[in-house]
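The values are calculated or read from the model by the stated rules, or taken from the named source; none is laboratory data. Just so you know, these numbers come straight off a predicted model, no measurement behind them. As a convention, Cβ positions derive from the backbone with ideal geometry for all residues, glycine included, and neighbour counts pool all protein chains shown.
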Amino acid sequence: MGLKTYPDRILRVRCRPLKEVTDQDLAQAQRMLDLMYESDGIGLAGPQVGWDRRIVTLDIEREGKGERIFINPRILHSEGEVEEEEGCLSVPGIWAPVQRAAKITLAAYTIRGERVEQELEGLPARAWQHEMDHLNGILFLDRLEPTALMTFRQRLRELEEGARENESQ
Ligand code: ZN
């Protein structure tokens, strides 16, 4: 399992829900979690590891404990607006301010099928909105103003050319 990066097409897929969690799914989710820590990330969504399912691993505190694998998450409510710098493991080398809701109410299922509901703000709210976007094939780049995106044109071209070279090898 490897990290998928821009412009990989899997990052543009709208992911399907997981109807049941098989042992194979569990093993894959665990590998996803390992990869998240190895990559120094606080969150990872299915498509980032080539898995087109609505699954997210998240550990904001990076403490390695508590519920860290979430299935079929949904944002039930969002309010307010806040802009903060954001980056993405799948778009290495780019950080930019992104506008997000300030507060959200999130519902998801654990790997044991328990429903959890959380009211979040600050970094957890931002991280969740970022991961939810991934499940819908949206990258944080899509949320930048065109003029801001222009600033990163060179870097995006490098990523695109790097992907083409890998393909032709
Ligand atoms: Zn991301």
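The set of residues in region 76-86 that are out of contact with any Lys or Arg (no Cβ under 9 Å at 6 or more places or on another chain) and touching a residue at least 24 places away in the same chain (Cβ under 8 Å) contains only 76. Assessment of region 94-101 against the conditions (surrounded by fewer than 21 Cβ atoms within 10 Å (Cβ to Cβ), touching a residue at least 60 places away in the same chain (Cβ under 8 Å) and touching a Lys or Arg at 6+ places or on another chain (Cβ under 8 Å)) yields at least one matching residue. Entry remark, region 77-105: residues being over 19 Å from residue 154 (Cβ atoms) and among the aliphatic types (A, V, I, L, M) number 6 in total. Number of residues in region 123-169 that are surrounded by fewer than 18 Cβ atoms within 10 Å (Cβ to Cβ), among the acidic types (Asp, Glu) and within 16 Å of the ligand (Cβ to nearest atom) equals 1. Out of 120, 89, one residue alone is crowded, with 18+ Cβ neighbours inside 10 Å and part of a strand (DSSP E or B). It is 120.
Within region 108-131, being among the small types (Gly, Ala, Ser) and free of Cβ contacts under 8 Å to residues at least 12 places away in the same chain holds for one residue alone: 122. For region 39-87, taking the residues that are farther than 28 Å from residue 145 by Cα and at pLDDT below 95, the one that is farthest from the ligand (Cβ to nearest atom) is identified as 65. Selection over region 92-105 of residues that are more than 11 Å from the ligand (Cβ to nearest atom) and outside any strand (DSSP E or B) gives a count of 4.
Residues checked against (1) under 11 Å from the mean Cα position of the chain (by Cα); (2) among the β-branched types (Val, Ile, Thr):
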| position | (1), (2) |
| --- | --- |
| 3 | no, no |
| 9 | no, no |
| 19 | no, no |
| 22 | no, yes |
| 30 | no, no |
| 49 | yes, yes |
| 55 | yes, yes |
| 63 | no, no |
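Checking 41, 93 one by one, the residue that is small (Gly, Ala, Ser) and within 17 Å of residue 132 (Cα to Cα) is 41 and no other.
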